[in-house]
Structure formats: C-alpha cells, structure tokens
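**Q** Take a look at the following structure, please.
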Amino acid sequence: MTRPDTNNADSATDAPAVPAFGADDGLTPRQGRAVEALLREPSLTRAAAAAGVNERTLRRWAATPEFRAAVLRARRDAFGQAVGLTQRYAPVAVATLVRVMNDPGAGAGAKVTAASVLLRFGRDGVELDDLAARVEELERTAAAPRRAVPSRAVEPVEAADDSVDEDDGDADEPDDASDEDDADEPGGAGDDGGADDDGEDAP
C-alpha cells in the first residue's frame with residue numbers, strides 16, 4: 001500500500017478546502033453549490049455548468065446581496081487557507097534557496113537569484129514587523145480615553161472675555177450720560193435763566 005507523500009507541496013491533501021455554504025448562510029443547496037463552483041472555476045460560465053444551473057440564473061443570483069456576501073466570505077476563507085499553506089512551507093522554501101546558494105554545481109545566475117530572494121524576503125519581513133508595530137501603537141492611542149483638559153481651559157478664557165466686554169459697556173454708558181448732561185445744562189439752563197431775567201428787568 002502506497003502512502004501519500006505528506007512532504008510534497010503539490011500533494012492534493014494540501015489544496016485549500018472550499019467551505020460549504022447552505023441554509024445557514026441564507027442560500028439554497030443549489031446556490032451553495034454555485035458558490036463553491038465559483039471558487040473552483042475560472043469563469044462564471046464554467047461555474048454555472050459545474051453547479052448544474054443556467055448561466056442566466058447564476059448571474060441573477062450574483063446580483064443579490066446574500067449571494068454576493070457568501071461568495072466574498074468563501075473567497076476570504078479560501079485565501080486564508082492559502083496563506084496558511086505559504087506559512088507552513090516557508091521554512092522549506094528558505095531551505096531550498098540556501099541549498100541552491102551553497103550548491104557547488106549550481107550556476108552563478110541561480111545562486112544570485114536565490115540570494116536576492118532571501119534578502120528580499122528578510123527585508124519584507126522586517127518592514128511588515130515595523131508596520132504591525134505602528135498599527136498597534138495607533139490602535140492603542142485611538143482606544144485611549146481622551147482628556148477634556150483643553151476644553152476646560154478654553155471656557156474660562158471665553159468667560160473672561162465676556163466679562164471684559166460687559167464692563168466696557170457699563171463703563172461707556174455713564175460717559176454718554178454725563179456728556180448729555182454737560183451738553184444740556186449750560187445751554188438749556190442759561191437760556192431759560194436769561195429769559196426770566198429779561199422778563200423781570202423789563203418793567
């Protein structure tokens with residue numbers, strides 16, 4: 001009995017599994033099969049044939065929000081599984097590149113290519129770690145409660161400005177009143193007094 005080669009990256013057991021969709025996702029069994037076919041087939045026509053539905057029917061389903069959401073969710077799940085496989089075989093890929101660089105029989109071009117890939121892989125890893133740290137710091141800063149100190153500091157200043165304006169208004173009013181009194185007293189009183197005196201002295 002032959003055992004499957006679990007160390008081979010091309011083994012069928014390593015292929016990302018297509019998630020099943022059905023009534024739990026608001027889809028009929030035929031629509032669930034159509035979602036799975038869309039992930040496996042390169043075109044909508046071939047997906048419709050694989051799912052056993054009319055192409056026009058599949059296009060009509062694809063226009064509904066529930067079906068589109070199911071397709072997007074299936075693609076994310078499948079992509080997540082693919083990313084998991086790349087992480088699984090990353091050490092094997094690195095070891096292969098190292099073997100090529102150290103192989104005396106390998107050509108200079110192959111060695112340079114292997115070295116370049118390794119350097120780029122290491123640089124990208126450092127940049128991703130730095131980006132993840134920055135995002136984490138931004139999320140922590142955004143989640144921290146904001147202090148209301150600036151707003152409390154601004155309010156007294158505005159109140160002080162209002163009080164100054166009111167004082168200026170109060171200070172101006174007496175000046176206006178005093179100006180009016182000063183203008184009326186000499187003219188009005190003098191004229192009246194003069195008229196009375198002229199009246200008394202006439203006889």
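The values are calculated or read from the model by the stated rules, or taken from the named source; none is laboratory data. Computed from a predicted model, the values in this text were never measured in an experiment. Ideal geometry is used to build each Cβ from the backbone, glycine not excepted, and the neighbour counts take in all protein chains shown.
**Q** Does any residue in region 37-66 that is at negative phi come within less than 6 Å, Cβ to Cβ, of a residue that is at pLDDT below 95 and part of a loop (DSSP other than H, G, I, E, B) six or more places away or on a different chain, and which pairs are these?
**A** Matching pairs, first to second residue: Leu39/Val18; Ala47/Glu41; Ala50/Glu41; Glu66/Gly26.
**Q** Write out, first by first residue and then by second, each pair whose Cβ atoms fall under 8 Å of each other, whose residues are 6+ apart or on separate chains, and whose first residue, in region 75-104, is over 20 Å from Arg120 (Cα atoms) while the second is part of a helix (DSSP H, G or I) and of a type in the set (Lys, Arg).
**A** Asp103/Lys111
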